[in-house]
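Heads up, the thing below is written out as structure tokens.
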Amino acid sequence: MPVPAQTCGAPDPLERFNTAPADTAVQSLLTCLHSRRWARRIAAHRPYPDLPALLAAADEASYDLTPGDLTEALAAEALPPLPEDTYAVAHTALSAAHAAYEARFGQAFVICLDGLPVAETLDHVLEDIRSRLANDPEEERLVAAEQLRRLARGRLTGMLGRGAVPSAAPPRGATRS
């Protein structure tokens with residue numbers, strides 16, 4: 001029986017993440033969730049044996065976001081993109097709802113829309129922002145933290161699936177091909 005050929009290709013994205021310098025890993029993680037403490041914590045616990053282990057660590061770190069961490073992460077978030085054919089009236093309604101949310105809670109509105117058809121995003125965002133305006137501040141902090149956790153999971157999965165994790169610097173004396 002022939003022995004399968006071994007590939008000597010580039011390391012997979014998780015391996016590149018695991019072996020990247022700490023500051024490079026932190027910078028990559030900040031694109032998933034902009035909390036420096038969260039990113040440093042995940043980077044410090046490398047290597048991860050597989051994506052589920054990394055996602056579990058990201059979830060755990062997300063659950064431990066302090067109010068300051070949450071504020072830092074929310075400050076970097078933007079409203080989700082809307083379909084290009086969205087009417088100006090819808091943009092106005094969304095802007096008004098977002099302004100009401102920021103006035104009530106003092107933070108950006110954040111929502112994870114992973115898996116939602118683009119045609120349904122506007123209705124879903126408007127419905128969610130209006131319902132969340134009824135939350136008390138502590139309840140909304142928990143809801144926003146959960147949305148950030150979901151966003152971070154999706155972004156981490158996407159980052160590793162695209163191979164977008166920067167490679168570690170080669171050891172001294174080694175060259176890259």
Original post:
List pairs: first in the range 99-118 and without any contact (Cβ under 8 Å) to a residue 24 or more places away in the chain, second surrounded by 12 or more Cβ atoms within 10 Å (Cβ to Cβ) and in a loop (DSSP other than H, G, I, E, B), Cβ under 7 Å, 6+ apart or cross-chain?
Top reply: 102/108
**OP:** Could you check how many residues of the range 139-160 are modelled with pLDDT under 95 and more than 21 Å from residue 80 (Cα to Cα)?
**Re:** 1
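The values are calculated or read from the model by the stated rules, or taken from the named source; none is laboratory data. If you're wondering where the values come from, they're calculated on a predicted model, not measured in any experiment. Reconstructed Cβ throughout: ideal geometry from the backbone, glycine too, with neighbour counts over all protein chains shown.
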